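Asks: Starting off with a structure, shown below.
The values are calculated or read from the model by the stated rules, or taken from the named source; none is laboratory data. A quick note: this is a predicted structure, and the numbers were derived from the prediction, not measured. Reconstructed Cβ throughout: ideal geometry from the backbone, glycine too, with neighbour counts over all protein chains shown. These accessible areas exclude ligands, DNA and RNA; they are computed on the full protein's heavy atoms, side chains included. Shrake-Rupley method; radii C 1.70, N 1.55, O 1.52, S 1.80 Å.
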Amino acid sequence: MLKVVRGGSLNGLRGKQLLLTIVAVFCTTLLIWAWEKTPLVGTLLPQSEHFEILSPVIYVEKPTSDPVYPELPTSLTNDNFDTISSDESVTTKSEQEIGAAPKSSANANSHENGDGESSVESTTTEKVCNYAKGKWVADVRWPLYSGFGCKQWLSEMWACRLTQRANFSYEGYRWKPYNCEMPDFEGSAFLRRMRDKTVALVGDSLGRQQFQSLMCMVSGGRESPEVLDVGIEYGLVKPRGAIRPDGWAFRFPSTNTTILYYWSASLCELEPLNRSDPLTSYAMHLDRPATFLQQYLHRFDVLVLNTGHHWNRGKISANRWVMHVGGAPNNDRKLAQIGEAKNFTVYSVVRWLDSQLPRHPRLKAFFRTISPRHFMNGDWNSGGSCDNTIPLAGGSEVKQDGSADPVAEGAVKGTQVQLLDITALSQLRDECHISRYSVKSSTGVNDCLHWCLPGVPDTWNELLFAQI
């Protein structure tokens, strides 16, 4: 009787073990099946294991590694320029896919409201806008100022309302981005946003047009005698014998906002080779930014750079510029090509500017893409013209995601310098140039490079206002 009980107990124990084994096998099978079907099970892993299933880090290559562009010389990467580590150009795959800018200082996501106060927005919910992708639409509220009234800031040669041109239908269009709202530009709102700040535009004559456009937009094209000329604070005075100063700076007393322009067609440092000779040639340092930028960068809150149209053999020869790299005359045959030299300089200046931004966390830096020319049947000196007066005859939309200026786009990639992308949207506006109404038209030269004002550069400033 005792043996029966013991045998029953033994058989019962073995039955329980078998049952537990079956349950364990079933659970293990279920777990493996669930692992293959859903990644959510990954949340059951210990915290130390989570990083094993994340997307790998993608290392963004330096734009200068592209064989089209020479490597930056040591003069741009030594301690004098305080260049940041290349590790800071690393972004994750998810950041690249949404076009997010690399992370910067603590106030990188701080945006000022109309009263000049700051509010911080979450990067996880902020929608990335491509302001360059959109459509030109008719709007009776445009232009934003009168071409007759903005005489205080607008050069007569660019005020097409003061010429013999009779068709001004091009003035009644505004740019509407597809995937984001662009705020209406108001001079008072701009001044409030830029209270106690300095906005600097540095570049060629197209940069000067953008500067004059901005002054007209902020003032509404009205006479503003209270605005102060503060050019002397930035060394912007007219040298003896010069036609005009190298730039202008004006301050609006109501908000202490300063807007300035400095002429630097190449963005390079220009160093006279013989200071005692008024006709001396200049070392054009392709790997050094303009001295003005190095000297006054700490005073800027918004900076817009541009270059492009002075990069031709005629301009360089007329200006007596001699290409230098690393402090010596350039002996690289590839870099001696004008296009390569321009591309090299764009990358050099952007990289230098990016290296300075950690020192100036309040500075918002932009590189504006090139403004398109519309010469037909010849160039500016060979009978080229742009006679179209029908708005948007070549189309009204920009649907592409990438910039029509790949050099500028490539230069800012992986940096904290933002792209002010105006090329493709401006390409659609061939009817907006000064054309044969230029003051030079008597010599047979049409101006299909500069724009009538009011006109396309106003839109550039609207985009700038939206991105600040």
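Asks: With the checklist (1) crowded, with 21+ Cβ neighbours inside 10 Å; (2) touching a helix residue (DSSP H, G or I) at 6+ places or on another chain (Cβ under 9 Å); (3) within 28 Å of residue 447 (Cβ to Cβ) in hand, flag the one item residue 207 doesn't pass.
Replies: Against the list (1) crowded, with 21+ Cβ neighbours inside 10 Å; (2) touching a helix residue (DSSP H, G or I) at 6+ places or on another chain (Cβ under 9 Å); (3) within 28 Å of residue 447 (Cβ to Cβ), residue 207 comes up short only on (2).
Asks: It is to be established whether one or more residues within the stretch 174-183 are under 30 Å from residue 243 (Cβ atoms), out of contact with any Cys (no Cβ under 8 Å at 6 or more places or on another chain) and open to solvent by less than 60 Å² (accessible area, probe 1.4 Å).
Replies: Within the stretch 174-183, not a single residue is under 30 Å from residue 243 (Cβ atoms), out of contact with any Cys (no Cβ under 8 Å at 6 or more places or on another chain) and open to solvent by less than 60 Å² (accessible area, probe 1.4 Å).
Asks: Is it the case that residue 272 is surrounded by fewer than 19 Cβ atoms within 10 Å (Cβ to Cβ) and modelled with pLDDT under 95?
Replies: No.
Asks: Something else now. Check residue 336 against each of (1) over 26 Å from the mean Cα position of the chain (by Cα); (2) among the small types (Gly, Ala, Ser); (3) buried (at least 23 other Cβ atoms within 10 Å of the Cβ) and name the one condition it does not meet.
Replies: Going through the list (1) over 26 Å from the mean Cα position of the chain (by Cα); (2) among the small types (Gly, Ala, Ser); (3) buried (at least 23 other Cβ atoms within 10 Å of the Cβ), residue 336 breaks only (3).
Asks: Do the conditions hold for residue 141, that is, is it closer than 16 Å to residue 455 by Cβ and open to solvent by 60 Å² or more (accessible area, probe 1.4 Å)?
Replies: Yes; evaluated as a whole, the condition is true for this residue.
Asks: Got at least one residue in the stretch 259-272 being within 21 Å of residue 365 (Cβ to Cβ), touching an Asp or Glu at 6+ places or on another chain (Cβ under 6 Å) and of a type in the set (Gly, Ala, Ser)?
Replies: Looking for residues that are within 21 Å of residue 365 (Cβ to Cβ), touching an Asp or Glu at 6+ places or on another chain (Cβ under 6 Å) and of a type in the set (Gly, Ala, Ser), one finds at least one in the stretch 259-272, hence yes.
Asks: For the condition open to solvent by less than 30 Å² (accessible area, probe 1.4 Å), under 19 Å from residue 200 (Cβ atoms) and over 18 Å from the mean Cα position of the chain (by Cα), what is the one hit in 300, 292, 366?
Replies: 292
Asks: Can I ask one more? Please work out if residue 280 is of a type in the set (Ser, Thr, Tyr) and free of Cβ contacts under 8 Å to residues at least 60 places away in the same chain.
Replies: yes
Asks: Among the residues of the stretch 408-420, write down those that are open to solvent by 20 Å² or more (accessible area, probe 1.4 Å) and under 21 Å from residue 457 (Cβ atoms).
Replies: Once the filter is applied, which keeps residues that are open to solvent by 20 Å² or more (accessible area, probe 1.4 Å) and under 21 Å from residue 457 (Cβ atoms), the stretch 408-420 yields 409, 418, 419.
Asks: Just to be sure I understand, how many residues within the stretch 339-355 are out of contact with any helix residue (DSSP H, G or I) (no Cβ under 7 Å at 6 or more places or on another chain), open to solvent by 20 Å² or more (accessible area, probe 1.4 Å) and either closer than 18 Å to residue 292 by Cα or in a loop (DSSP other than H, G, I, E, B) (or both)?
Replies: Number satisfying all stated conditions: 0.
Asks: Here's something else I'd like to know. Could you please give the count of residues in the stretch 202-227 that are in a helix (DSSP H, G or I) and free of Cβ contacts under 8 Å to residues at least 60 places away in the same chain?
Replies: 3
Asks: Test residue 397 against the stated conditions and say whether it is within 26 Å of residue 177 (Cα to Cα) and either in contact with a strand residue (DSSP E or B) (Cβ under 7 Å, 6 or more places away or on another chain) or aromatic (Phe, Trp, Tyr) (or both).
Replies: yes
Asks: So which of 388, 377, 381 is without any contact (Cβ under 8 Å) to a residue 12 or more places away in the chain and within 30 Å of residue 438 (Cβ to Cβ)?
Replies: 377
Asks: Need a quick list: strands (runs of 3 or more DSSP E) entirely within the stretch 228-318 having at least 2 residues that are small (Gly, Ala, Ser) and on the phi > 0 side of the Ramachandran plot.
Replies: Per the criteria, no element qualifies.
Asks: For the stretch 434-468, how many residues are surrounded by fewer than 17 Cβ atoms within 10 Å (Cβ to Cβ), farther than 16 Å from residue 387 by Cβ and of a type in the set (Ser, Thr, Tyr)?
Replies: 2
Asks: Mind listing whichever residues of the stretch 215-240 are touching a Gly at 6+ places or on another chain (Cβ under 7 Å), open to solvent by 20 Å² or more (accessible area, probe 1.4 Å) and closer than 16 Å to residue 151 by Cβ?
Replies: Within the stretch 215-240, 220, 222 meet the criteria.
Asks: Pairs only if they're at least six apart or on different chains, beta carbon under 7 angstrom, first in the stretch 326-340 and on the phi > 0 side of the Ramachandran plot, second assigned to a strand (DSSP E or B) and of a type outside the set (A, V, I, L, M, F, W, C); list them, first residue then second.
Replies: Cβ pairs passing all conditions: 326/287.
Asks: List every residue pair whose Cβ atoms sit under 6 Å apart, with the two residues 6 or more apart in sequence or on different chains, where the first one lies in the stretch 342-354 and is without any contact (Cβ under 8 Å) to a residue 12 or more places away in the chain and the second, anywhere, is buried (at least 24 other Cβ atoms within 10 Å of the Cβ) and assigned to a helix (DSSP H, G or I).
Replies: Listed by first residue and then by second, the contacts come to nothing, as the list is empty.
Asks: While we're on this one: Given the conditions (1) open to solvent by 10 Å² or more (accessible area, probe 1.4 Å); (2) over 25 Å from residue 392 (Cβ atoms); (3) not in a helix (DSSP H, G or I), and given that residue 199 satisfies all but one, which numbered condition is not satisfied?
Replies: (1)
Asks: While we're here: Based on this model, can you work out whether residue 358 counts as at pLDDT 95 or above and open to solvent by less than 50 Å² (accessible area, probe 1.4 Å)?
Replies: So residue 358 fails the test.
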